[in-house]
Amino acid sequence: MRLSFTEPLKSALPIVKRLREHHFEAVFVGGAVRDSLLGLSIKDVDIATSARPEQVLELFERCIPTGLQHGTITVIIDGLTYEVTTFRQESAYEAHRKPESVRYITELDGDLLRRDFTMNAMALAEDGELYDPYGGVQDLQSKTLRSVGDPDARFQEDALRMLRAIRFIGVYQLTPAYRTWRAISRHRALLKFIAMERVQVELDKMLAGAAPQRALQYTAASGLLYHLKEPFLEETEFSLKEAGRSANTARQYSCLHMLGAVDLRWAALAIGLQLSVEATQQALQVLRFPNSRSKTISSLVVIHKEMLNHLEQEDEHKLKAAWLYIVIRFGKRPASDWLAVMRTLHESPQSFSSGLLNRLDSWLSDMTISTLKQLEISGRDLSNHLQRKAGPWVSERLNRLLLSVALGELENDKHALLHQASKWD
Ligand code: ATP
Ligand code: MG
């Protein structure tokens, strides 16, 4: 089978050609081959070669010895980076993750054999000819995820492959081959050897993929999350178990893919699982989420919990005031993100009616101002006017003014604002 090269492969072609001119074997491997077969855009280009790392270093002007001990050199051409890795075989694995040593070999076959799944164990030569010794094309056609070689051995060697398996199942909408799936259930306890940072990367890719709900179902079915190196709060464990069992899970998360940003998908997951704010923050911390992301996600859970308190509010004006006050405190963006999340969770026990969401949405878009900066007076104006020393009362009073303006009860005009503030004094 012959493939035509798309852009990232075309620009990497000179690397393969140069290695070949120097009588080394060199081919494209990994995700780039898989994704070009599927007609998808290529994220990163990996090249495998019989040249040893020091020989690769000699052939290219701009290189970074990124993973010299594993035989990987990053070659830079026109500002773009490509990973060139020497064909290798891995020795016995240490702690179910890292091979104790790697041995360079001269044969491509041996290198493909160490790769995780058949669809990741294909090679593409410089003339576009596909080399597929383990039936990756057929598996991709039948949408099957299959380990290369004996699945039991492969997951025991490197437990991270179990999470990669579920990620590929979700992203490429595959079904695992029977033996591959059985081996995952059998060896899931080995996940305790995997660093939480790696778990986070895989879960994040799963959730960001084309079929996050599929990845969630398979994650739940695999039971992998009960074997993490660091457990979640008990509350989280409980809801994950329930979510795994519940027949509604699939329906509840069936619209998750409609949320563009992965952090909104995480927030939808936490809300759907009915996690408390504390459990959400703790789970994100266990997963080593950076603070900024953790804040974004958990603030949507906070908004949700506050809105749950107003769900029964029958007084339209009070409901609107409560909502606008949330928008003022959290910002327009998080508020509309929460609305987007709620629209995808329409089958959830947590859901709000679409009529209510529409009203909240239109109140949000009608807001003429939502930040203190937009208010026509400053804190200093206020304390001068009232002849009182600045203190916490200033921001409390400004926020109250802001809410009144946002509700359309007060004009955003210096005189009107100061007049109102003095009435409250
Ligand atoms: P993506 O880049 O989309 O995450 P990928 O398949 O390219 O997917 P990489 O982590 O970039 O994944 O790895 C490149 C290739 O290296 C894989 O396609 C696979 O052949 C091999 N590989 C990566 N991780 C493992 C692993 N844990 N076990 C075996 N082979 C692996
Ligand atoms: Mg890759």
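The values are calculated or read from the model by the stated rules, or taken from the named source; none is laboratory data. These numbers come from a predicted model, not from an experiment. Every residue, glycine among them, receives a Cβ derived from its backbone with ideal geometry; neighbour counts consider all protein chains shown. Accessible surface areas use protein heavy atoms only, side chains included; no ligands, DNA or RNA. Shrake-Rupley method; radii C 1.70, N 1.55, O 1.52, S 1.80 Å.
Provide the gained length on full extension for the span residue 316 to residue 141, in nm with one decimal, where the gain is 0.36 nm per separating residue minus the Cα-Cα distance.
Numbers: separation 175, 0.36 × 175 = 63.00 nm, distance 5.49 nm.
Using 0.36 nm per residue and subtracting the Cα-Cα distance, I get 57.5 nm.
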(request) Just report the Cα centroid separation between the range 369-422 and the range 1-73, whole Å. (result) 62
(request) Could you grab the relative contact order for the range 349-408? Cα pairs under 8 Å, six or more apart, rounded to a whole percent. (result) 40
(message) Relative contact order for the range 319-381: what percent, with Cα pairs under 8 Å and sequence separation of 6 or more?
(response) 38
(message) Starting from the 7 Å offset along Cα-to-Cβ, what nm value, one decimal, do you get for the label separation of residue 7 and residue 40?
(response) 1.8
(message) Starting from the 7 Å offset along Cα-to-Cβ, what nm value, one decimal, do you get for the label separation of residue 400 and residue 70?
(response) 6.0
(request) For a label point 7 Å from the Cα of residue 104 along Cα→C-beta, name the residues of the range 46-69 whose backbone N is under 16 Å from it. (result) 47-60, 64-69
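Hey, any idea what % of the chain's accessible area is carbon plus sulfur with a 1.4 Å probe?
That fraction is 49 percent.
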(message) Suppose the chain between residue 353 and residue 80 were pulled fully straight at 0.36 nm per residue; how much longer would it get relative to their current alpha carbon spacing?
(response) 93.4 nm
(request) Could you state the accessible area per residue of the range 298-364 in Å², with a 1.4 Å probe and every protein chain left in place? (result) 45
(message) Rolling a 1.4 Å sphere over the protein heavy atoms, what is the accessible area per residue of the range 372-424, to the nearest Å²?
(response) 61
(message) Test of understanding: what is the full-extension gain from residue 376 to residue 362, defined as 0.36 nm times their sequence separation minus their Cα-Cα distance?
(response) 2.6 nm
(request) Extending each Cα 7 Å along its Cβ direction at residue 308 and residue 21, get the distance between those two points in nm, one decimal. (result) 6.5
(request) Please go through the residue pairs 17/98; 143/229; 295/332; 98/229; 43/205; 192/295 and name each one whose alpha carbons sit more than 20 Å apart in this structure. (result) 17/98; 143/229; 192/295
(message) Only four residue types carry charge here, +1 at the Cβ of Lys and Arg and -1 at the Cβ of Asp and Glu. Report the dipole size of the chain about the Cα centre in Debye, rounded to the nearest 20.
(response) 640
(message) Can you give me the C-alpha center-to-center distance between the range 79-129 and the range 250-324, rounded to a whole angstrom?
(response) 41
(request) Let me have the 222 nm mean residue ellipticity of the chain computed from DSSP H runs of 4+ only, each contributing -39500 (n - 2.57), with the sum over all residues rounded to the nearest 500. (result) -16000 deg cm²/dmol
